[in-house]
Amino acid sequence: MDAKAFIKATDYIAKEKNISKDVVWSAIELALTTAYKKNFNSKTNVRVEVNQDNGEIKVFSFRTVVKEITNEDEEILLSEAKKIVPKIKVGETIEEEVTPKDFGRVAAATAKQVVTQKIREAERNSIMDEFNDKQDELVVGLISREDVANYYIDLGRAHGILPKTEIIPGEKLVMGTSIKVYITRIESNSKGPKIVLSRSHFGFVKRLLELEIPELQEGILVLYGVAREAGNRSKIAVFSENEKVDAIGACVGEKGERIKRITDELNGEKVDVILYDKNPVNFIKNALGPAKDVKVYITDIKNQAALAIADGDNLSLAIGKRGQNVRLAARLTKYRIDVKTTAQVEEEGIDLTDFEGCD
């Protein structure tokens, strides 16, 4: 590659890889400096200058002007320096062009690997800058390939890793199709950014809600929290400071269209929309739905423990299949919930009047 070819290559790389030209030129000049020192056994300080208009390469050695030399490779006596630059002073630097005739050929061969490395580093940094602020966000990509453990999602300038343990249980992903994914982690490594994705994370539901329900983005509704067991059920708690706003109705949408779009994206996963209440008793009651007529007592405010009393069919509804309903309610409310029947409370001699302020 001759000098002029550097210009063409630099313009192409900067445009193709979306990297600043200054970064590429700095990499080239650094590489040429290394090449000169290696191939011409230079012990002096040198710098390489590339004319970005015509591709001409020049090498300059530079030494500091001193009264007494302590390092011949880096210093020059004032008397010698004045022969070159008559008005030069101690402490100033004197430069001399030392460009070898065949430097272009030698430099290009040696510099290629270094330049490539610097460009790769710059590209990695550029991609990292693009994705750094996207952690915990929802993005759309194409399913490009898979191996035993992962799907690989084309996100444009980078590929994300979607572990098969992070897809929604029971869903089937088809190569080449578009898919929504949640970014759980971004790491920088020697091969470029490692972007880890998920569809089973509770944050995936949170971002879907924000996507489908404008009132959440506008601040009319507030999402208190999300509890999820991917593939089965999610519980979300919402509220509005405006008493005229129906928080649950806004999430469900007209004829259930909004919540249906979300459940469709979740491969049929059920989503319970719960009304958040600042009173933990009321909040826990709401969270234990679809169970009704549940009595709730806060048994330990400091350690956030509660007792829920339910009878008949409401007992099984409050607990849920394999304890799922009460488990999700506990995650959502951040209270440890113990569900008992009225008979169990009486048999265990629990005095409900001990719990002051309880409903």
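Laboratory data are not the source of any read-out in this text; all were calculated from the coordinates shown. Owing to the predicted nature of the structure, the values given are computational and were not obtained by experimental measurement. A quick note on method: Cβ atoms are made from the backbone with ideal geometry, for glycine too, and the neighbour counts reach across all protein chains shown.
For E92 and K270, the difference between the fully extended length at 0.36 nm per residue and the C-alpha to C-alpha distance is 56.5 nm. Of the residues G323, N39, L221, the one whose Cα sits farthest toward the positive end of the charge dipole of the chain, with +1 on the Cβ of Lys and Arg and -1 on the Cβ of Asp and Glu, is N39. The ratio of the alpha-carbon radius of gyration of the chain to the globular-protein estimate 2.2 N^0.38 Å is 1.65. For the chain, the longest principal axis of the alpha carbon atoms and the long axis of helix 202-212 meet at an angle near 90°. Selection among M175, S144, S188 by position relative to the dipole of the stretch 137-198 gives S188 as farthest towards the positive end (Cβ unit charges, Cα centre). Taking only the alpha carbons of the stretch 202-354, we obtain Rg and Dmax values of 16.2, 51 Å in that order. Using the Cα gyration tensor of the stretch 293-335, with a ≥ b ≥ c the square roots of its eigenvalues, what is the shape: rounded (a/c below 1.5), prolate (a/b larger than b/c) or oblate (neither)? In terms of gyration-tensor shape, oblate. Each residue in K38, K302, K278 was given a count of other beta-carbon atoms within 10 angstrom of its own, and listing them fewest first yields K302, K278, K38. Among M128, M175, the ranking by other beta carbons within 10 Å of each residue's beta carbon, starting with the fewest, stands as M175, M128. In the structure shown, the pairs K292/K321; K15/K164; K8/K194 are assessed against 28 Å; a Cα-Cα span above that value is assigned to K15/K164; K8/K194.
Residues whose amide H comes within less than 5 Å of that of V98, counting only those at least five positions distant or on another chain, are V59, F60, S61 (H built at 1.01 Å from N in the peptide plane). Each Lys and Arg adds +1 at its Cβ and each Asp and Glu adds -1 at its Cβ; summed about the Cα centre, the stretch 111-222 shows a dipole of about 600 debye. Selection among Q113, P290, N242 by position relative to the dipole of the chain gives Q113 as farthest towards the positive end (Cβ unit charges, Cα centre).
Placing pseudo-labels 7 Å out from each Cα toward the beta carbon at W25 and D147 gives an inter-label distance of 4.1 nm. Computed extension length for K260-T353: 29.1 nm, one decimal, from 0.36 nm per residue of separation with the Cα-Cα distance subtracted.
The long axis of helix 103-131 is offset from the longest Cα principal axis of the chain by roughly 20 degrees.
Here the alpha carbons of the stretch 1-97 define both size measures, Rg and Dmax, at 16.9, 51 Å.
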